[in-house]
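So the structure is just underneath, and the comments pick up after that.
The values are calculated or read from the model by the stated rules, or taken from the named source; none is laboratory data. Note that this is a predicted model, so its numbers are computed, not measured. Glycine also receives a Cβ, built like all others from the backbone with ideal geometry; neighbour counts cover every protein chain displayed.
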Amino acid sequence: MELALFASTRSGVTTVTATGALDLSTRSDVSTFLSGQLDRGNHRLLLDMSSVTFLSCAGLSALLTVEHRARRGGGWLRLIGTDKRVTRRVLELTGTHTVLGTTCSSIASPPAVAATSGPTPPSAHVESSRAEGAASL
């Protein structure tokens, strides 16, 4: 299964869009990509999960590790686009929606952050990453 990650920074908030599976085979790619954002000083991260096709405990563990590191640096990791059953169910069953501040109306209220929709302004930083591997639980 393939995973693609794209990042765009605007107004001090970095929005990362994930497409594909967040699982054991892509865990290190997710961790590396998000940690790279933190290393650049981007400590306020929104992770758009609307195109995630599978979320395993390994993928969730990677997100929690990054969230903890972001918090230690004075920032946060918040999830958006978690309305799909594939992500919502894992977050609800594990109770991690409270830690990751999801914006799914059925499980949590949205965090107060700067708007991140619309075209990327010329001053915004954009980067991407692709990883391939087999889907696993």
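Out of the residues in region 31-47 that are buried (at least 19 other Cβ atoms within 10 Å of the Cβ) and within 12 Å of the chain's Cα centre (by Cα), which is nearest to Gly75 (Cα to Cα)? The residue in question is Arg44.
Within region 31-56, no residue satisfies the criterion of being modelled with pLDDT of 95 or more and under 21 Å from Arg89 (Cα atoms).
Among the residues of this structure, Ala58 counts as one that is surrounded by fewer than 19 Cβ atoms within 10 Å (Cβ to Cβ), touching a helix residue (DSSP H, G or I) at 6+ places or on another chain (Cβ under 9 Å) and either aliphatic (A, V, I, L, M) or assigned to a loop (DSSP other than H, G, I, E, B) (or both). Collect the residues in region 57-68 that are modelled with pLDDT of 90 or more and either of a type in the set (Gly, Ala, Ser) or within 14 Å of Thr26 (Cα to Cα) (or both), keeping them in residue-number order. Passing the criteria: Ala58, Gly59, Leu60, Ser61, Ala62, Leu63.
Looking only at residues of region 61-82 that are assigned to a loop (DSSP other than H, G, I, E, B) and more than 13 Å from the chain's Cα centre (by Cα), we find that the one that is surrounded by the most Cβ atoms within 10 Å (Cβ to Cβ) is Gly75.
Out of all the residues in region 1-55, which are of a type in the set (A, V, I, L, M) and more than 21 Å from Val86 (Cβ to Cβ)? Steps first, answer last, please.
From region 1-55, those of a type in the set (A, V, I, L, M) are 1, 3-5, 7, 13, 16, 18, 21-22, 24, 30, 34, 38, 45-47, 49, 52, 55; that's our starting set.
Listed by number, the residues that qualify are Ala7, Val13, Leu38.
Counting just the residues of region 1-30 that are of a type in the set (S, T, N, Q), outside any loop (DSSP other than H, G, I, E, B) and out of contact with any helix residue (DSSP H, G or I) (no Cβ under 6 Å at 6 or more places or on another chain), which one comes out surrounded by the fewest Cβ atoms within 10 Å (Cβ to Cβ)? Walk me through how you get there before you give the answer.
Taking region 1-30 and keeping what is of a type in the set (S, T, N, Q), we get 8-9, 11, 14-15, 17, 19, 25-26, 28.
Pick out the ones that are also outside any loop (DSSP other than H, G, I, E, B) and you get 8-9, 14-15, 17, 19, 28.
Still in the running and out of contact with any helix residue (DSSP H, G or I) (no Cβ under 6 Å at 6 or more places or on another chain): 8-9, 15, 17, 19, 28.
Details: Ser8: 20, Thr9: 22, Thr15: 22, Thr17: 19, Thr19: 16, Ser28: 13.
In this case the residue turns out to be Ser28.
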